[in-house]
C-alpha cells in the first residue's frame, strides 16, 4: 500500500483494507483443524460454540458457516430473527449480551430445529450468568476451540496481512527475524503489521530488518 504525497515525511492514513472471508483463504493447520472441520461440516445439525483468542479467525469461520447454512446474524434482534426463520450466527457471544433474549432465541431455534453458531473469546464458564437456565442451554452446545498460534500459523498470517497491505517483502529473512521476537498471540501479529504499515508509509521505503527493530 503506497501513497506518494509531496512531503518530507509522509502522513499516515489508517485506511481499512477489505478482509477476505472466502473459505479458500482460511489457512488450516493443527491449531484450528478441529474447529474448521466442524464448522464446514454442513451435515452437522447441532448448535456450536467456537472459542478462540482474539483475531484467531473466529469471525472468518462464522462467515463461512453463515454462507453454508443460510444463517442470519444475531445482535439482540430477536424479533427480526423470528421473522426470518433462519439459522443463526452470533459473533462474539458475550458482547452486550441480553441474557433473556438469548435464552428465548435458543428455545425458539430448538423448537424450529434451526441451528446456532456462537463465537467467543472467553470460555463459557468464565462468564457470570444472571440466568442459570441460559447457562444450562449453552451447555448443550458442541464446543470447539482454536488454539494459540504456532510458527506455521504466524508465518501464514503475517504473509496474508502483508499481502492485504500490499507490501513487497524482498528480504525473506524478515520472517525469521520476526518469529524469534514476536509474542505468540494473534493480536500481536495484527498490531505489528499495522505499525509496520505506518512506518513504511511515513518513511516511504521498503521494510527492512533495521526499520522493524524500531517496533519490537
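Details
- Scan region 174-187 for residues that are out of contact with any helix residue (DSSP H, G or I) (no Cβ under 7 Å at 6 or more places or on another chain), more than 21 Å from residue 25 (Cβ to Cβ) and not in a loop (DSSP other than H, G, I, E, B) and the total you get is 3.
- Members of region 18-35 found to be outside any loop (DSSP other than H, G, I, E, B) and either modelled with pLDDT under 90 or under 26 Å from residue 166 (Cβ atoms) (or both), listed by number: 23, 24, 25
- Region 37-59, residues that are crowded, with 20+ Cβ neighbours inside 10 Å and within 19 Å of residue 147 (Cα to Cα): 39, 48, 49, 50, 51, 52, 56, 57, 58
- Filtered by the rule that a residue be within 18 Å of residue 112 (Cα to Cα) and in contact with a helix residue (DSSP H, G or I) (Cβ under 6 Å, 6 or more places away or on another chain), region 51-73 gives a lone residue, 72.
- Restricting 76, 85 to residues that are modelled with pLDDT under 85 and either on the phi > 0 side of the Ramachandran plot or surrounded by 18 or more Cβ atoms within 10 Å (Cβ to Cβ) (or both) narrows the list to 76.
- Flag if residue 99 is assigned by TED's automatic domain parsing to the domain that holds residue 63, more than 15 Å from residue 73 (Cα to Cα), surrounded by fewer than 17 Cβ atoms within 10 Å (Cβ to Cβ) and out of contact with any helix residue (DSSP H, G or I) (no Cβ under 8 Å at 6 or more places or on another chain): no
- Complete set of residues in region 128-155 that are outside any helix (DSSP H, G or I) and closer than 23 Å to residue 71 by Cβ: 139, 140, 141, 142, 143, 144, 145, 146
Residues checked against (1) more than 18 Å from the chain's Cα centre (by Cα); (2) over 24 Å from residue 25 (Cβ atoms); (3) at pLDDT below 85:
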site	(1), (2), (3)
129	yes, yes, no
142	yes, yes, no
160	no, no, no
168	yes, no, yes
216	yes, yes, yes
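The values are calculated or read from the model by the stated rules, or taken from the named source; none is laboratory data. The structure displayed is predicted, hence computed values, not measured ones. Glycine gets a Cβ as well: all are built from the backbone with ideal geometry, and neighbour counts include every protein chain shown.
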